[in-house]
Amino acid sequence: MHSRSELLHQLAGLGLGECGLVMVHASMRRLGPVEGGASGLLDTLQESLGPDGTIVMPLGADDSVPIDAMTSPAEEDLGILAEIFRTRKGTQVNDHAAARFGAAGPLADDILEPIPLHHYYGPGSPLSRFAACNGWVLHLGADIDTVTLTHWAEYLADIPDKRQVRRRYLRADTGEQWIESLDDVDGIADRSEGDYFAQILIDFLAGGAMKTGPVGNCEAELFSADAFVPFAVQWMEETLGIRGGGS
């Protein structure tokens, strides 16, 4: 069992206390048992950030059933921490069928709203404001392809003929709703090697532009939007075809 004091020490060594705005991606299974479980981890993260710190987490929802932005559980694939965060006192949730985020802290209102109905990861979105505020991403044992901020880089990348989609959602309050966006499921362009989200993070981490250290049972990574977004944009432009001639 990892105690709260142990985790605080590890997070301080990682430099989390110097960050005012953090998007958290975490796997409780890989992190290992922690004092107080998922709720205890969130308490520890907030204490590490201090009273001026803001935590953001993607929530998503099960789109096979009507979505209520305020009460629908977080998407199961995002892990138990996202659902516990959604239900905590002080967490605010934005109202969007395709791109729900939760946030807690002084910047929560500014980050969450407004959010465009269409192209909800693009200009004017929570991701664009997160990047503009020099947010940080904290990876705690999450899957290597899990960096939601990459979707903002997809909008910035100068790539022709980005794949766009129009998808149907069901809202509990108003019923059927059609939403247009870049393809955030299969990607904005094909790549013979498969999903590019994981490779972008692998290559970014290899460049050393992040802080790493043990937190619980996992090796945690902490990196800034200021460093990651330009890297991801350049990677996509070079690898997906416009500047580097990739395929």
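The values are calculated or read from the model by the stated rules, or taken from the named source; none is laboratory data. Everything quoted here is computed from the prediction, not taken from an experiment. Positions of Cβ are backbone-derived with ideal geometry, glycine not excepted, and every protein chain shown enters the neighbour counts.
Residue-level check: of (1) at pLDDT 95 or above; (2) within 23 Å of Thr212 (Cβ to Cβ); (3) touching a Lys or Arg at 6+ places or on another chain (Cβ under 6 Å), Gly141 misses just (1). Restricting attention to the stretch 150-186, the residues that are surrounded by 13 or more Cβ atoms within 10 Å (Cβ to Cβ), free of Cβ contacts under 8 Å to residues at least 40 places away in the same chain and among the acidic types (Asp, Glu) add up to 1.
Residues that are at pLDDT below 95, on the phi < 0 side of the Ramachandran plot and either assigned to a loop (DSSP other than H, G, I, E, B) or in contact with a Phe, Trp or Tyr (Cβ under 6 Å, 6 or more places away or on another chain) (or both) within the stretch 218-247 comprise Leu240, Ile242, Arg243, Gly244, Gly246, Ser247, listed in sequence order.
Right, Ala220: touching a residue at least 12 places away in the same chain (Cβ under 8 Å), among the small types (Gly, Ala, Ser), farther than 22 Å from Ser128 by Cα and surrounded by 19 or more Cβ atoms within 10 Å (Cβ to Cβ) or not? Judged against the criteria, Ala220 is a match. Condition (residue is in a loop (DSSP other than H, G, I, E, B), within 15 Å of the chain's Cα centre (by Cα) and more than 22 Å from Cys19 (Cα to Cα)) applied to the stretch 150-166: is it met by at least one residue? No; the residues of the stretch 150-166 include none that is in a loop (DSSP other than H, G, I, E, B), within 15 Å of the chain's Cα centre (by Cα) and more than 22 Å from Cys19 (Cα to Cα).
Name the residue that is modelled with the lowest pLDDT, counting only residues in the stretch 63-80 that are touching a helix residue (DSSP H, G or I) at 6+ places or on another chain (Cβ under 7 Å) and farther than 13 Å from Phe101 by Cα. Going through the qualifying residues, I end up with Gly79. The set of residues in the stretch 55-72 being in a loop (DSSP other than H, G, I, E, B) and not aliphatic (A, V, I, L, M) consists of Gly60, Asp62, Asp63, Ser64, Pro66, Asp68, Thr71, Ser72.
Just the residues that are part of a strand (DSSP E or B) and in contact with a Phe, Trp or Tyr (Cβ under 7 Å, 6 or more places away or on another chain), please, taken from the stretch 168-186. Reasoning before the result, please.
Initially, the stretch 168-186 is screened for residues part of a strand (DSSP E or B), giving 168-171, 175-182.
Arg168, Gln177, Ile179, Ser181, Leu182 - these are the residues of the stretch 168-186 that are part of a strand (DSSP E or B) and in contact with a Phe, Trp or Tyr (Cβ under 7 Å, 6 or more places away or on another chain).
If you take the residues in the stretch 116-149 that are in a helix (DSSP H, G or I) and in contact with a Leu (Cβ under 8 Å, 6 or more places away or on another chain), which one is surrounded by the most Cβ atoms within 10 Å (Cβ to Cβ)? Steps first, please.
As a first pass, look at the stretch 116-149 and keep what is in a helix (DSSP H, G or I): 126-132.
Then drop every residue that is not in contact with a Leu (Cβ under 8 Å, 6 or more places away or on another chain), which leaves 126-127, 130-131.
Working: Pro126: 28, Leu127: 30, Phe130: 28, Ala131: 20.
Looking at residues that are in a helix (DSSP H, G or I) and in contact with a Leu (Cβ under 8 Å, 6 or more places away or on another chain), I get Leu127.
Based on this model, can you work out whether Glu47 counts as modelled with pLDDT of 95 or more and either out of contact with any strand residue (DSSP E or B) (no Cβ under 8 Å at 6 or more places or on another chain) or among the hydroxyl-bearing types (Ser, Thr, Tyr) (or both)? Spelling it out, Glu47 is indeed modelled with pLDDT of 95 or more and either out of contact with any strand residue (DSSP E or B) (no Cβ under 8 Å at 6 or more places or on another chain) or among the hydroxyl-bearing types (Ser, Thr, Tyr) (or both).
Determine whether the stretch 106-115 contains at least one residue that is under 19 Å from Phe223 (Cβ atoms) and in contact (Cβ under 8 Å) with a residue 40 or more places away in the chain. Yes, the stretch 106-115 contains a residue that is under 19 Å from Phe223 (Cβ atoms) and in contact (Cβ under 8 Å) with a residue 40 or more places away in the chain.
Please tell me if Glu35 is of a type in the set (Asp, Glu) and in contact with a helix residue (DSSP H, G or I) (Cβ under 7 Å, 6 or more places away or on another chain). Yes, satisfied.
For Glu193, the conditions (1) surrounded by 14 or more Cβ atoms within 10 Å (Cβ to Cβ); (2) of a type in the set (Asp, Glu); (3) farther than 22 Å from Ala98 by Cβ; (4) at pLDDT below 95 all hold with the exception of (1).
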